[in-house]
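The values are calculated or read from the model by the stated rules, or taken from the named source; none is laboratory data. In this text the structure is predicted, and so the values were computed from the model without any measurement. Here the Cβ positions follow ideal geometry from the backbone for every residue, glycine too, while neighbour counts run over all protein chains shown.
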Amino acid sequence: MSTSHGLKSRDLAYQAEALQGVSRTFALTIPQLPDALCDVVGNAYLLCRITDTIEDDPALSAEQKRVYSLRFVEVVAGHENAEAFACELGSLLSSSTTNSEQDLIANTARVIRITRGFNGTQRNALERCVRIMSRGMAEFQQREGIAGGLDDLPHLDRYCYCVAGVVGEMLTELFCDYSPEIGKRREELLTLAVSFGQGLQMTNILKDLWDDQRRGVCWLPRDIFLAAGFELGSLSAGQTHSGFVQGLFQLIAIARGHLANALRFILMIPTRETGIRLHCLWALGMAVLTLRRIYRKPAFQDGQEVKISRRSVRAVILVTRIFVRSNLALKLLFNVLTYKLPRARAGERHLEQAQW
């Protein structure tokens with residue numbers, strides 16, 4: 001075995017281990033992908049996780065987050081030394097950053113070595129994603145008064161694009177590079193991929209709203225709640241104000257519309273590509289079940305109260321494995337699971353283009 005091949009094997013082994021540490025969900029879904037996609041998608045997730053770690057650490061000031069986010073863009077592009085970046089950033093991280101995330105930062109150079117080994121299309125997709133995500137996060141971190149919520153729904157759309165929609169675009173480019181057949185529907189898939197990402201991100205925002213509030217952050221749009229007679233500045237855990245619940249339900253409706261587009265995206269993937277379909281279906285299924293829990297318990301006070309159980313995760317895995325090749329069955333299943341969820345009103349700002 002050559003030295004370079006042995007180094008690559010060790011780096012890939014670290015990548016698989018790191019995925020287990022920073023996200024059990026993605027450690028579960030990524031191995032479902034075809035072998036030709038597993039390594040690049042796994043690497044892409046770790047790059048995004050490094051970006052997220054910079055944003056989330058409370059010990060870093062907004063300016064430090066901006067600086068290190070933009071420096072990481074240069075690291076991924078090959079214009080800055082990864083080891084020096086990791087050493088400087090690692091020394092500043094607080095105990096709020098998990099041991100797995102701190103280890104990931106310390107091993108940035110190993111992750112980047114894997115990135116450098118991909119083809120040009122793959123590298124461009126990863127670099128573009130990290131660039132847009134990092135610059136977007138820097139922009140939002142610089143805003144004062146973020147604890148009072150985002151300005152309005154378009155502002156939320158922009159945030160969701162920067163942290164999730166662009167990930168959907170990246171995955172679509174990787175899928176198209178892998179399969180010329182998928183590539184024939186690239187433009188339509190790209191539009192739906194942004195919506196897919198926003199649906200997942202909005203679900204996470206709603207689930208984590210109280211955890212975010214405790215660290216002085218709120219990603220909810222003020223205009224939605226003001227229209228319902230509720231001021232986000234008075235937000236407190238266990239909120240039962242009718243205006244808050246009305247605004248929450250409206251956001252659930254919009255998220256549901258985006259998740260309907262996520263299903264449209266999945267159904268465009270050839271039925272024989274079961275690995276890609278399962279990778280996407282598991283994320284969609286878990287998001288739908290989470291929305292259902294939030295809807296049933298709008299006065300929840302902690303994300304753990306609406307987090308889906310391991311039993312539910314196993315159910316998603318089992319059912320999607322059975323129906324992965326049947327577009328009709330998947331449509332019916334989505335309809336059944338989202339039947340009681342509120343629907344966005346006609347003309348409301350969302351991307352749902354089909355009713356099933």
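Which residues, taken from segment 22-68, are of a type in the set (G, A, S), more than 21 Å from E173 (Cα to Cα) and more than 17 Å from the chain's Cα centre (by Cα)?
A59, S61, A62
Among the residues of segment 150-160, are any surrounded by fewer than 16 Cβ atoms within 10 Å (Cβ to Cβ) and either under 26 Å from D35 (Cα atoms) or touching a Cys at 6+ places or on another chain (Cβ under 9 Å) (or both)?
No, that holds for no residue.
Among the residues in segment 44-66, are any more than 22 Å from R135 (Cβ to Cβ), part of a helix (DSSP H, G or I) and not polar (S, T, N, Q)?
Looking through segment 44-66, none of the residues is more than 22 Å from R135 (Cβ to Cβ), part of a helix (DSSP H, G or I) and not polar (S, T, N, Q).
Among the residues of segment 13-71, write down those that are under 25 Å from T121 (Cα atoms) and among the basic types (K, R). Walk me through it before giving the result.
Quick first cut of segment 13-71, residues under 25 Å from T121 (Cα atoms) only: 13-16, 18-19, 26-27, 29-52, 69-71.
Once the filter is applied, which keeps residues that are under 25 Å from T121 (Cα atoms) and among the basic types (K, R), segment 13-71 yields R49, R71.
Consider segment 156-184. How many of its residues are within 28 Å of S234 (Cβ to Cβ) and either over 17 Å from the mean Cα position of the chain (by Cα) or β-branched (V, I, T) (or both)?
Looking only at that region, the number is 1.
Could you please tell me which pairs satisfy a Cβ distance under 8 Å, a separation of 6+ or placement on different chains, a first residue in segment 43-60 that is among the β-branched types (V, I, T), and a second residue that is not in a helix (DSSP H, G or I)?
T53/L93; T53/T97; I54/L60
Test A82 against the stated conditions and say whether it is under 30 Å from L190 (Cβ atoms), of a type in the set (G, A, S), crowded, with 16+ Cβ neighbours inside 10 Å and free of Cβ contacts under 8 Å to residues at least 60 places away in the same chain. Spell out the reasoning first.
Values: under 30 Å from L190 (Cβ atoms): yes; of a type in the set (G, A, S): yes; crowded, with 16+ Cβ neighbours inside 10 Å: yes; free of Cβ contacts under 8 Å to residues at least 60 places away in the same chain: yes.
Criteria met by A82.
Residue check: is R113 over 23 Å from the mean Cα position of the chain (by Cα) and of a type in the set (K, R)?
Details: over 23 Å from the mean Cα position of the chain (by Cα): yes; of a type in the set (K, R): yes.
Taking the combined requirement at face value, the residue satisfies it.
Scan (1) small (G, A, S); (2) surrounded by fewer than 19 Cβ atoms within 10 Å (Cβ to Cβ); (3) at pLDDT 95 or above for the single condition G216 breaks and write down its number.
Only one criterion in (1) small (G, A, S); (2) surrounded by fewer than 19 Cβ atoms within 10 Å (Cβ to Cβ); (3) at pLDDT 95 or above is unmet by G216, namely (3).
Quick one: count up the residues across segment 94-109 that are crowded, with 20+ Cβ neighbours inside 10 Å and touching an Asp or Glu at 6+ places or on another chain (Cβ under 6 Å).
Residues in segment 94-109 being crowded, with 20+ Cβ neighbours inside 10 Å and touching an Asp or Glu at 6+ places or on another chain (Cβ under 6 Å): 1 in total.
Tell me the residue from I308, I322 that is without any contact (Cβ under 8 Å) to a residue 60 or more places away in the chain, part of a helix (DSSP H, G or I) and over 21 Å from A193 (Cα atoms), please.
Values: I308 fails: part of a helix (DSSP H, G or I).
Unique residue meeting the criteria: I322.
Please count how many residues of segment 278-300 are surrounded by fewer than 19 Cβ atoms within 10 Å (Cβ to Cβ) and more than 25 Å from V194 (Cα to Cα).
4
Can you give me the ranges of the helices (runs of 4 or more DSSP H) entirely in segment 193-285 with at least 1 residues that are in contact with a Phe, Trp or Tyr (Cβ under 8 Å, 6 or more places away or on another chain) and closer than 22 Å to M170 by Cα?
Details: elements: 209-214, 222-227, 242-268.
Counting at least 1 such residues, we get 242-268.
Looking at G257, G275, G303, can you tell me which residue is of a type outside the set (D, E) and surrounded by 21 or more Cβ atoms within 10 Å (Cβ to Cβ)?
Numbers: G275 fails: surrounded by 21 or more Cβ atoms within 10 Å (Cβ to Cβ); G303 fails: surrounded by 21 or more Cβ atoms within 10 Å (Cβ to Cβ).
Sole residue among the options that is of a type outside the set (D, E) and surrounded by 21 or more Cβ atoms within 10 Å (Cβ to Cβ): G257.
I'd like the full set of residues that are surrounded by 16 or more Cβ atoms within 10 Å (Cβ to Cβ) and hydrophobic (A, V, I, L, M, F, W, C), limited to segment 221-244.
Within segment 221-244, I224, F225, A228, F230, L232, L235, F244 qualify.
Restricting the search to segment 161-192, which residues are hydroxyl-bearing (S, T, Y), within 19 Å of A36 (Cα to Cα) and in a helix (DSSP H, G or I)? Steps first, answer last, please.
The initial filter retains those residues of segment 161-192 that are hydroxyl-bearing (S, T, Y), namely 161, 172, 178-179, 191.
Subset that is within 19 Å of A36 (Cα to Cα): 172, 178-179.
Correct list: T172, Y178.
Take the residues in segment 138-149 that are at pLDDT below 80 and in a loop (DSSP other than H, G, I, E, B); name whichever of them is surrounded by the fewest Cβ atoms within 10 Å (Cβ to Cβ).
My answer is E144.
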